[in-house]
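Enquirer: Pasting in a structure now, in structure tokens, and then I'll have a few things to ask.
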Amino acid sequence: MKLRITSGTYLTMLTANKFFKCDPICQLCFKEPESIQHMLLTCPALHESRYLGSLKSALEAHNVQVTVDNILQTIMDVTRIPHIPSTSNPQVENISRSICFAVHSSRAFHLTWAGYTFRRPRRRKTPNNNNNKGAKVLAANSRR
């Protein structure tokens, strides 16, 4: 999940609006457009699944100011935070991965429970006359 979130391919309501012309407002809290930042940091519906305490402690341990931007940057790419040494990167990376997975899982559960899906309804296959062409040829040959 973290790879999809950091690469920009994770489908939030804000990005879904570009493709499906749906409402960009978060379908969990109905307060603001659902962006990656909203989902990871501010959505009140996902508050319980978001355990940022260990990430904040890691930032404070390296004298990094705990701000929304620094937390989001640490989740997205810990190597961009200059005060965190490369030896601490694996621990912080594991924390950020688990945050991404927990938030994604909780979001998916809540959206599924509410009956919401991003998928377009599948078109029903209609019988095509070309599909019956072989049967017509067989029937014509059997009459001869």
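Enquirer: Give the cross-link partners of Lys18 among the aspartates and glutamates, using a straight C-alpha distance below 15 Å as the criterion and excluding same-chain residues fewer than 8 apart.
Expert: Cα-Cα hits under 15 Å: Glu34.
Enquirer: Additional query: Quote the charge dipole size of region 2-120 about the Cα centre in Debye, to the nearest 20; the model charges only the Cβ of Lys and Arg (+1) and of Asp and Glu (-1).
Expert: Computed about the Cα centre, the dipole is about 440 debye.
Enquirer: Using 0.36 nm times the number of residues separating Glu48 and Phe19, minus their current alpha carbon distance, what extension gain do you get?
Expert: 7.4 nm
Enquirer: Pop out the Kirkwood hydrodynamic radius of region 2-120 from its pairwise C-alpha distances, inverse of mean 1/r, in Å to one decimal.
Expert: Final number for the Kirkwood radius of region 2-120 is 15.0 Å.
Enquirer: Give, in nm to one decimal, the length gained when the segment between Ser7 and Leu111 is fully stretched (0.36 nm per residue of separation minus the Cα-Cα distance).
Expert: Taking 0.36 nm per residue and subtracting the Cα distance, the gain is 35.2 nm.
Bear in mind that the values in this text are calculations on the coordinates, not laboratory data. Note that this is a predicted model, so its numbers are computed, not measured. When we count neighbours, we look across all protein chains shown, and the Cβ atoms used for this are built from the backbone with ideal geometry, even at glycine.
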